[in-house]
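What follows is one structure encoded as C-alpha cells, with my remarks underneath.
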Amino acid sequence: MSFLLDCPNCGAREVTDFGFGGEASSRPTSKPLRRELNRYLYVRRNVAGRQREWWVHRLGCRQWFLAERDTRTNEVIWTALPADAPVPGEVDAANVGGEGR
Amino acid sequence: MSRLPQHPGQRIDLSRPLTFSFDGRSHEGFAGDTIASALYASGQRVFSRSFKYHRKRGEVCFCGRCANSLVQVDGAPGVRACGEPLQAGMRVEHQNAWPSLDFDVMAATDRFGGPFTPPGFYYKTFIRPRRLWPVYERVLRRAAGLGRLPERQAERSWETEYRRRHCDVAVLGGGFAGLSAALRAAELGADVVLVDDDVEPGGDLLAEGEHERARDLAARCAEAGVEILSSASALGYFDGLVAVWQGDTLCQVRAARHVAATGALEQPLVFPGNDLPGVMLSGGALRLAALYGIAPGESVVVATCERRGLENALHLQGLGIGVAAVADLRGRGDEDLCERLRAGGAELLRGMTVVRGRGRGGLAEVTIARVDAAGRAQGRGRTIPCDCLAVCGGAAPASSLLLQAGARAAFDQQANRFLPVPAAAGISGAGAVVGHEDPGSGRLSGSIAGAESALALGFGGREDRAFAEAERARLEQVLAAGASTRQAPPALATDGRGGKAFVDLDEDVTAKDVAYAAAEGYDSIELSKRYTTATMGPSQGRFSQLAAVRALAEETGLPMGQVGLTTARPPWATVPLGVLAGRPFESAKRSALHGRHSELGANVRWAGDWRRAYDYGDPAAEALAVHEGAGLIDVSTLGKLIVRGGEAEEFLDRLYPNRMSSLKQGRIRYGILTSEAGRISDDGTICRLDADTFYVTTTSGGADSVEQWFSRWLADWQLDVSLSDVTQGVAAINLAGPRSREILARLTGLDCSNEAFPYLDAQHGEVAGVPCLLLRIGFTGELGYELHCPLANARQLWDVIAAAGAQPFGLEAQRILRLQKQHILVGQDTDSESTPFSANLGWSVNLEKQQSFIGRWALEEKTGVEPSHRLVGFVCSGGEVPTEGAAIIRGKLVTGQVTSARRSPQLGQSIGLAMVAPGEAVDGATIEISDQDRRIAATVTTAPFYDPEGEVVRS
C-alpha cells in the first residue's frame, strides 16, 4: 500500500506520514438506544468504494482532517479540514454506486 | 594477462592500478574494474563452486546478475564479483568450496551422486526414520547452500539514508530506450528521474561501440534537467512508487508516470557441459572485451539462434578477439553479418548449434552439430577446440517491474519472447522489454513513451503530440521492415552421450531434473519451480526461467504461452537486508535533566520513548528518604497540554467523565480519560489557570496519544479552543516528603502554609528565581509539589532543591511509593477492558453532569452491572513478591492476575495490585497466586496500604 495524501496544511505527503482515524461516523447527538450505541461503537460500514474518513498528519502538522478515498484503489478524491469538507449527504448521494452493500 | 589496446569505450583507467587479494594471494586491477574483470585479467577462470554438485563455475554475464560470481568480500558473503567495482585493499575470498576452489571434497556429489540425486532425493531418502531427520538435516544443510556467514563478523552498521523523490516521470533503465524516453519527457517540461543500475547510463550501447552516443545522450538528459541515478537498482514497483537502492540511500521514487525500459536479458543455451568455466553469454564476452579490455579467450566460438549473437561476434572481432567459429541455429538470414564475420576470419556454421562442451576444470572444446526438433544431434558434428564459448539463446525481457505493476506476459511466437502487456495506467514499457530490441526501434520506442508520459500529464503542445504520433508510425515501419527471424533453441541440445546439461546454474537443476519432476506430476510451472527449485537461486530466474519453461513445455507438450511464467515479485535486484531495515528510527527523548541524572550515576532505562532515571543505586533507600525527609524526581516526561479558549471548559467536560467546568481557578482535579466504549485510556490532572485556560497533564507514555485524541475531537467539534502541546518545552520536578514544605518555603516567596497553599491547589511563583507553576499533588502519597518550569531553568531548579536537602529518587522508588497508595498506572494496572468502575475509580465518573462526554453512554450501561474483574490491593503475608502478570487462581480456574507487586520498605510488607473476580474484591478475602512454581497466599486490601485516609498528603 502506498499513496499520497494531500494534507490541507502541508500538501502532498506519503501515506506513511499519516495516521488513519477510521471511517467518519457521526456521534449520536443524544443518548442512543442500546442497539444504536452498539452499532456506533462496534459496527463499521467497511465500504468497498468511496469512503469518508479521518486522517491525522502524524509526522507533520498533527492536524486532523477528512478525506474521501476509494478503498479499492486508494485513490484519494479530496481532503479537507472539517470546516471545509463537503457535507456528507452530498458526497454520499454522488457516489451511491461506489458503496458496496 | 595483458589487456587489449586502449580505446575510449573502456571503463578502466590504466594509470590507476589497484591492489587487492583473492584467497590470500595479491592481485592487481585497475580503477574501473569489477572484482571479476580484474581476476579474469589475471587469469582466474573458476570463481565459485556450484550449489549442489560443487562443480567449478566461471563468469557468465559480466553485468552483476548471475550467481556464478558470488564471492565473499571483506568477510561479507554473497557479493557478485562481476558487478562489484574493485577497490584497493579488498579482501576477496571464494565461497562454497572446501578446502579450496581447485579441490573441493564435496565435488564427490557430482561424480558419484549425480544420477542418484534427482529433485526431492534428500527429503525422500532421509525422511525415515523420522526421528533421525534433524541429524540428517544438519549434514545436508551444510552440503548445500552458498557461502557461510562467519562465526564472528565485524560489526557493521548500515547507514542507510531514506530519500523521497516525487517527480512527473520516472524512467527505469538507462539504455538507449530509457535515455531517449527521459530526454523526450524532459524536453517537454516534465521533471524526470532516470534509474540505471550500471555505473554510467547507456546500457548495451556502451559495449557495442556506441559509447560516445550514450554519453552524448546522457549529457543532453542532464542538460534537460533529468536526474540520473546511476549504480541504482529499482527493487520493486509498489502502487506508483518505485523503491530504488543506490549505495547508502534507499530512495522512494514516486512518479505520476513510469516508463519501464529495463531491457532484455540474453539467455544461455542448454547442452551437456554448458556450465564449464569458459561458457558465457555473448553479451558477457563482449562486455569483458569492450569495457574492461580483456580477451575472453584465446580462441572464441560463438553459438547463437538470433541476430544478436552475430552482432556480438562482429563486435568481438572488431575489438581484435579471434572468433574461430560462429554456429547459428538458423539456416538462413542475416547474410550480410555472416559475410562480414567470414571476412573477419570466422567459420560460419549455419543451421547448427552446440551439443556438447568438454574440458577439465574449464572449456577445452565444443561439438557443433545439426539437431532435430527435439535437440538430438544429427551426425557426429564438428569438434572445435576453444577456451571460450559465447552463447546467445535468445533473450528474456526484464519485465519484472512491469509485471509487478499488473502487466501480463504473453508468449509471442514470432518474437520468441514472453512480452509484457502493460495493464496499469501510469506505467508503460519501452525498448527491449516490450520487444523493441534493435537500436533504431529502441530509440523510437523510448522517445514515444517519454513523450506520451509527458503529454498525459499536460506537458507539451499539439505539435508534440503530432510528433509522437509520427514517431509511432515510424516505429511500426521499422518493426515491420527490420524483423529478423529468430529460432527457439531446443530445450536440450545433446549428442546423446549423457552428462549434465543445466537449466539453472544457480541451483544445479538439469534438464533431466525438470523432466523427472514432470513425470512425478509436477507439471505446472509453479509446481515445477518449487519442486526442482529452478529459478529460485540468487539470480532469481534471470538466466534460467526461459529454459525451465522450455524444458517443461517440451516435457508436457504444451505451448510455451500455456506453460507461462512464475509470479514476479519484488525485490527485482538483490539488496542487503540492512538497507531495507535501514537506520533504526528510535526517537530517544531525554529530559533537560538527563545530564544531571547521568552525573548522579543513575541507572537509565527506556520508558516508552524516554530515557529515564530508573534508580540512583538503591530504590528502597530512595523511597524511604521520601517518607523520612524529602525527595525529588524528574517528572518532565509527563504529557502537558494547554487547553485555552472560550469553550475550553465545555471541551474538557465532553472529554472527561467528571466535571471540569466547575473547577475553580487555581484548583486541580484528577481526571480519567475513557474511550467511547468506556474503557480507560489515560489519566492525569487538570488544573485551571484562569477562566479560559487549563493545564492538563497526562501519563508519560500517553502524551502523544492524548494530544491526538484531544485534537481529533477538537477537529470534529470545532469548538473555540486552541490546543498546545508543551510536553517537550516544560520540565517538571516533583518535590515530595514531609520536609518538602520547609524546603520549598526557603526557596520561594510564596506562602507555603497548608492554609494558603492547600492540597490540589496551583500557584504561579518563583522558586529560587525560576518562574514555576506549582501544583500541590501527591502521586507518591507524601506531601508534595510538582514544579513545572521552562526547560532552560530545570537544572538550576533541580540543583537548588537538591542542595536544600531533597534526595533524588528514581522511577522505581516512585513505583513503590505510588503502589502503597494504590494509585494506578494506566496500562500497567489497567488493560483494554478496564473501566473506571472495575479500576476502583468510579468516584471519578459523574453521570449527573449534562454533557454527553466521551464514553458516557457505555458507562451508563455499566452502572449497576458487576464488572468481570475488579482492581484491588493485596498483601502477601509470607513476604513473597509475585511476578507481575502472575495468575490468581481458585482451584484450577484462573480468576485474575497480578498487575503490580513490590516490596515496600516503609511498610515492611509485600504489596500489590491485582485484578480479581468480584467475589474476591472484598477486604480480608484470601487469594491464591500461581507464579510459575510458586503458590503465594495473599489477602485483599481495598484501601491504600499507606495513609488510607489521605491525611498525610493533605497535611
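General observations
- Leading residue at positive end of dipole, the stretch B:787-838 (Cβ point charges), from B:CYS789, B:SER832, B:ALA803: B:ALA803
- By the beta-carbon count within 10 Å of each Cβ, the least crowded to most crowded order of B:ILE633, B:ILE12, B:ILE777, fewest first, is B:ILE777, B:ILE12, B:ILE633.
- Values of log10 I(q)/I(0), in the order q = 0.10, 0.21, 0.22 Å⁻¹, for the stretch B:376-509 under a Debye, Cα-only, solvent-free model: -0.50, -1.33, -1.40
- Folded to 0 to 90 degrees: helix B:282-292 orientation relative to chain B principal axis, Cα: 80 degrees
- Set B:LYS821/B:LYS862; B:LYS664/B:LYS849; B:LYS52/B:LYS500; B:LYS56/B:LYS124; B:LYS124/B:LYS500 screened for pairs whose C-alpha atoms are more than 19 Å apart: B:LYS821/B:LYS862; B:LYS56/B:LYS124; B:LYS124/B:LYS500
- Relative contact order of the stretch B:638-689, pairs being alpha-carbon contacts under 8 Å that are 6 or more residues apart, as %: 28 percent
- An oblate overall shape is assigned to the stretch B:864-955, the ratio a/c of its alpha-carbon gyration tensor axes (a ≥ b ≥ c) being 1.5 or greater and a/b not exceeding b/c.
- Angle between chain B longest axis and helix B:307-318 axis [Cα atoms, degrees, rounded to 10]: 80 degrees
- The C-alpha atoms of chain B define a longest principal axis, and helix B:703-717 lies at about 90 degrees to it.
- Note on B:LEU750, B:LEU641, B:LEU580: ascending count of other Cβ atoms within 10 Å places them as B:LEU580, B:LEU750, B:LEU641, the fewest first.
- Reach of B:LYS529 by Cα under 16 Å, taken over aspartates and glutamates that are not fewer than 8 positions away in the same chain: B:ASP504, B:ASP506, B:GLU507, B:ASP508, B:ASP513, B:GLU520, B:GLU554, B:GLU555
- Unit charges on C-beta of K, R, D, E only; dipole of the protein assembly as shown, Debye: 2800 debye
- Calculated translational diffusion coefficient of the stretch B:547-639 (25 °C, 0.890 mPa s; Stokes-Einstein with Kirkwood radius over alpha-carbon pairs) equals 128 µm²/s.
- By the Cβ-Cβ criterion of under 4.7 Å, the unpaired cysteines of chain A are A:CYS61.
- Only aspartates and glutamates eight or more places from B:LYS589 in sequence, or on another chain, were considered; those with a Cα closer than 13 Å are B:ASP609, B:ASP704.
- Here the scattering of chain A is modelled by Debye summation over its C-alpha atoms, one equal scatterer each and no solvent; at q = 0.24 Å⁻¹ the log10 of I(q)/I(0) is -1.32.
- Dipole axis of chain B (+1 Lys, Arg; -1 Asp, Glu on Cβ), positive-most option in B:PHE651, B:VAL259, B:PHE502: B:PHE502
- Residue-span extension gain [B:ARG465 to B:ALA588] - 0.36 nm each, minus C-alpha spacing: 38.9 nm
- Using C-alpha pairs under 8 Å with a sequence gap of at least 6, the mean separation divided by the residue count of chain B gives a relative contact order of 9 percent.
- Given chain B, longest segment not containing exposed loop GluC sites (Glu not before Pro) (DSSP; at most 11 other Cβ within 10 Å): B:160-585
- Cβ-based charge dipole, the stretch B:1-51, positive-most Cα from B:GLN44, B:GLY32, B:LEU14: B:GLN44
- Cα gyration tensor, chain B - rounded (a/c under 1.5), prolate or oblate: prolate
- Cα gyration tensor category, rounded, prolate or oblate, for the stretch B:296-384 with a/c compared to 1.5: oblate
- Hits among aspartates and glutamates - C-alpha to C-alpha of B:LYS892 under 13 Å, sequence gap 8 or more where chains match: B:GLU928
- Local net charge near B:TYR616, Cβ-Cβ under 14 Å (Lys/Arg +1, Asp/Glu -1): -3
- Residue by residue, the stretch B:920-925 carries 3J(HN,Hα) couplings of 8, 8, 10, 4, x, 5 Hz when phi is fed to the Karplus relation 6.51 cos²θ - 1.76 cosθ + 1.60 (θ = phi - 60°); x denotes Gly or Pro.
- Additional length obtainable on full extension of the chain from B:ASP23 to B:TYR759, 0.36 nm per residue less Cα span: 257.3 nm
- Radius 13 Å from Cβ of B:ILE368, net charge of other residues (Lys, Arg +1; Asp, Glu -1): +2
- For chain B, the longest site-free run once trypsin sites (Lys or Arg not before Pro) in DSSP loop states with at most 13 other Cβ atoms within 10 Å are removed: B:665-891
- Cβ-based net charge around B:LEU723, under 11 Å, with every Lys or Arg adding one and every Asp or Glu removing one: +1
- Taking the Cα centre of the stretch B:501-628 as reference, the dipole from Cβ charges on Lys and Arg (+1) and Asp and Glu (-1) amounts to some 580 debye.
- Ellipticity at 222 nm from helices only: DSSP H runs of n ≥ 4 in the protein assembly as shown, each -39500 (n - 2.57), divided by the residue count, give -7000 deg cm²/dmol.
- For chain B, a crude dipole built from +1 on the beta carbon of Lys and Arg and -1 on the beta carbon of Asp and Glu, taken about the Cα centre, is about 3000 debye to the nearest 20.
Computed from the coordinates by the stated procedures, all read-outs in this text should not be read as laboratory data. This structure is a prediction, so every number in the text was calculated from the model and none was measured. Ideal geometry is used to build each Cβ from the backbone, glycine not excepted, and the neighbour counts take in all protein chains shown.
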